[in-house]
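Structure, as structure tokens:
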Amino acid sequence: MVGKIGNTLKRQAGPVLVTGHTGFKGTWLTLLLEELGVEVVGYSLPFKEDSLFKMIKREGRINEKFADITNLTEITDFVHKIQPSAIFHLAAQPLVLESYKKPLETFVTNVMGTANLLQAAFHVNSVKVVAGITTDKVYQNKNLGRRFVETDPLEGKDPYSASKVGSEAAISAWQQIRKISGGPHVISLRAGNVIGGGDMAVDRLIPDLVRAVQIGSKVTIRSPKSTRPWQHVLDPLIGYVTAVEKSFSGIEQASFNFGPSEKSLEVNDVINLFKKSIGCETEVEIVEEMSEAESRILDLDSSLAQSLLEWSPLCDQKEAIQLTFKWWNSVLAEGKDPEEVTKKEIIELLTRVR
């Protein structure tokens with residue numbers, strides 16, 4: 001099954017819509033779908049100047065609209081116009097610390113944006129599947145040291161995670177609407193701590209390390225003993241595509257987790273790999289205390305995706321980290337074209353599933 005990834009989407013009458021296509025994951029997903037031969041349409045806020053989207057000059061390369069997902073009229077009109085067969089909903093305010101500064105904006109974007117997208121999709125007959133991309137942070141986390149499964153209770157302690165729980169509530173509501181009144185299949189896809197070349201988001205470990213290299217500054221690291229499920233961006237994205245294609249085939253699963261199989265690495269492990277991979281003298285300052293905004297342990301159980309989707313990670317965490325630093329080294333130190341580096345990485349990793 002996995003070797004035929006993309007074939008089901010290619011056979012559909014309409015294109016695939018990716019909301020948030022100018023973001024880090026949205027850009028990688030667009031390139032992945034294009035490599036699979038799938039027609040992609042994008043809907044997103046305008047791209048940021050330091051984004052991978054801008055770096056690889058993606059503007060105008062596909063049918064796209066730059067608009068706000070919170071505008072119900074605009075997203076509804078756009079979905080009616082393009083008649084997509086499936087929708088990957090990635091448009092969101094994705095940063096935990098930013099959500100403390102802009103809590104209301106975060107809720108409006110993440111909750112009402114999802115509701116708007118679902119409302120629009122349920123009024124267009126061409127749409128057969130909607131995948132709402134959420135996060136590992138939707139689970140009630142008491143730092144007990146066990147992996148979360150899809151049926152665990154949801155709870156958000158900060159504005160970002162709470163807003164994503166709200167997004168999950170919208171997804172659940174439209175899943176119920178489908179049962180009563182019909183409509184497209186709706187699934188929630190959860191992953192976290194995705195890494196890869198081109199991510200320049202603030203307050204994230206690897207982008208912070210890369211920025212320190214670029215400007216020759218010191219980087220301050222919090223919570224060196226904390227663990228995260230470091231996963232290469234293509235791993236969950238391939239899971240998303242597979243989940244959507246399986247939904248076309250009739251699987252009625254409400255949600256899937258996508259995460260590494262092995263024990264999560266500590267922040268310290270990432271820093272050591274960074275020093276070996278980049279080979280520079282960037283000063284790293286360790287701060288032992290932990291921010292109240294952070295969870296010490298965060299792991300997902302992906303057994304359901306492995307059994308129902310035949311999905312498994314292409315990279316272990318160490319390789320995912322090494323590939324990310326290799327991407328940046330190729331672009332920053334060797335001056336290679338970031339689009340060529342990205343596409344080459346996609347092709348090479350896809351050979352493991354084809």
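The values are calculated or read from the model by the stated rules, or taken from the named source; none is laboratory data. Keep in mind the model is a prediction, meaning the values are calculated, not measured. Methodologically, a virtual Cβ is constructed for each residue, glycine included, from the backbone with ideal geometry; neighbour enumeration extends over all protein chains shown.
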Task: Hits in region 150-184 (condition: exposed (fewer than 14 other Cβ atoms within 10 Å of the Cβ) and either in contact with a strand residue (DSSP E or B) (Cβ under 6 Å, 6 or more places away or on another chain) or under 19 Å from Ser303 (Cα atoms) (or both)) - done: Thr151, Pro153
- [ ] State the number of residues belonging to region 198-214 that are among the charged types (D, E, K, R) and within 18 Å of Asn272 (Cα to Cα).
- [x] 3
TODO: Being polar (S, T, N, Q), free of Cβ contacts under 8 Å to residues at least 12 places away in the same chain and not in a strand (DSSP E or B) narrows it down to one of Thr30, Thr73, so name that one.
DONE: Thr73
Open item on the list: Looking for something surrounded by 19 or more Cβ atoms within 10 Å (Cβ to Cβ), touching a residue at least 60 places away in the same chain (Cβ under 8 Å), more than 27 Å from Glu319 (Cα to Cα) and in contact with a helix residue (DSSP H, G or I) (Cβ under 8 Å, 6 or more places away or on another chain) - is there at least one such residue anywhere in region 129-143?
Closed with: yes
Task: Among the residues listed as Gly156, Gly183, Gly145, Gly192, the single one being small (Gly, Ala, Ser) and closer than 29 Å to Glu340 by Cα - done: Gly192
Task: Conditions (1) surrounded by 18 or more Cβ atoms within 10 Å (Cβ to Cβ); (2) of a type in the set (Ser, Thr, Tyr); (3) closer than 22 Å to Ala162 by Cα; number of the one not met by Tyr100 - done: (1)
- [ ] Please state which one of Ala86, Ala115, Ala120 is without any contact (Cβ under 8 Å) to a residue 60 or more places away in the chain, surrounded by 22 or more Cβ atoms within 10 Å (Cβ to Cβ) and aliphatic (A, V, I, L, M).
- [x] Ala120
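Yes/no matrix, rows are residues, columns are (1) small (Gly, Ala, Ser); (2) closer than 24 Å to Ala91 by Cβ; (3) at pLDDT 90 or above:
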position: Ala173; (1), (2), (3): yes, yes, yes
position: Ile177; (1), (2), (3): no, yes, yes
position: Val186; (1), (2), (3): no, yes, yes
position: Ile195; (1), (2), (3): no, yes, yes
position: Lys218; (1), (2), (3): no, no, no
position: Val244; (1), (2), (3): no, yes, yes
position: Phe258; (1), (2), (3): no, yes, yes
position: Ser261; (1), (2), (3): yes, no, no
position: Ser264; (1), (2), (3): yes, no, no
Open item on the list: Against the conditions (1) closer than 20 Å to Leu9 by Cβ; (2) surrounded by 15 or more Cβ atoms within 10 Å (Cβ to Cβ); (3) not β-branched (Val, Ile, Thr), where does Lys81 fall short? Just the number, please.
Closed with: (2)
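Here is a yes/no grid of residues against (1) out of contact with any Phe, Trp or Tyr (no Cβ under 6 Å at 6 or more places or on another chain); (2) surrounded by 16 or more Cβ atoms within 10 Å (Cβ to Cβ):
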site	(1), (2)
Phe47	no, yes
Ile62	yes, yes
Asn71	yes, no
Leu90	yes, yes
- [ ] State yes or no: is Val149 under 21 Å from the mean Cα position of the chain (by Cα) and either under 25 Å from Leu234 (Cβ atoms) or touching a residue at least 40 places away in the same chain (Cβ under 8 Å) (or both)?
- [x] yes
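Here's the yes/no breakdown for (1) under 28 Å from Val210 (Cβ atoms); (2) assigned to a helix (DSSP H, G or I); (3) at pLDDT 95 or above:
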residue	(1), (2), (3)
Asp77	no, yes, yes
Gln119	no, yes, yes
Asn125	no, no, yes
Lys137	yes, yes, no
Gly145	no, no, no
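When region 199-216 is examined, which residues are found to be of a type in the set (Val, Ile, Thr) and modelled with pLDDT under 80?
The answer is Val202, Val213, Ile215.
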